[in-house]
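Quick notes on the structure that follows.
The values are calculated or read from the model by the stated rules, or taken from the named source; none is laboratory data. Just so it is clear, the structure is predicted and the values come from calculations on it, not from any experiment. Please note: Cβ atoms are built from the backbone with ideal geometry, for glycine as well, and neighbour counts cover all protein chains shown. We work out accessible area using only protein heavy atoms, side chains counted, and drop any ligands, DNA or RNA first. Shrake-Rupley method; radii C 1.70, N 1.55, O 1.52, S 1.80 Å.
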Amino acid sequence: QVQLVESGGGLVQAGGSLRLSCAASGIIFAIDAMGWYRQAPGKQRELVAAVTTGGSTYYANSVKGRFTISRDNAKNTVYLQMNSLKSEDTAVYYCAAAGGLLTTTGRGAYWGQGTQVTVSS
């Protein structure tokens, strides 16, 4: 099993920044991709950003140029730096990890408990 613990959510004004962190423990060798999903009220969960152990990254179009995902393999930790936040970024953000690639649905992934990000306009 893999355990994921997130931190760093909160309330921020539009245009501000937040940094999310997610530390993995357990069967670490089973993990390749790590990333972040988000789910806003009444909307489907979406994959926001992901990074593989090799450093390949994915970003949703809605966050390109504003969000940066990074990973410290030695600490088994993934980060999401969120800049120029907008009200539409308000959601619960979930850390996820998978033995292969993270899919748009998150099927087969390990999940964190989620952290609330609220952007006030």
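Descriptive notes on the structure:
- Here the contact order of segment 64-121, divided by its residue count and restricted to Cα pairs under 8 Å and six or more residues apart, works out to 32 percent.
- With a cut-off of 13 Å on the backbone N, the residues of segment 86-121 near the modelled label site 7 Å out from L11 along Cα-Cβ are 117-121.
- Rounded to whole Hz, the Karplus (6.51, -1.76, 1.60) HN-Hα couplings of segment 16-24, x for glycine and proline: x, 10, 9, 10, 9, 10, 9, 9, 9
- Of the residues Y93, G8, S120, the one whose Cα sits farthest toward the positive end of the charge dipole of the chain, with +1 on the Cβ of Lys and Arg and -1 on the Cβ of Asp and Glu, is S120.
- Relative contact order, whole percent, for the chain stands at 36, derived from Cα pairs under 8 Å and 6 or more residues apart.
- Computed from the C-beta positions of N83 and A30 and an R0 of 35 Å, the FRET efficiency is 0.65 to the nearest 0.05.
- Surface composition of the chain: carbon plus sulfur atoms contribute 49% of the solvent-accessible area (1.4 Å probe, protein chains only, all chains present).
- Å² of accessible area per residue within the chain, as computed with a 1.4 Å probe and no ligands counted: 51 Å²
- Dipole magnitude (debye, nearest 20) for segment 34-121, charges at Cβ of Lys, Arg, Asp, Glu: 60 debye
- Phi-based couplings in Hz for segment 49-65 (Karplus 6.51, -1.76, 1.60; Gly and Pro marked x): 7, 8, 9, 8, 4, x, x, 5, 10, 9, 9, 5, 4, 5, 10, 4, x
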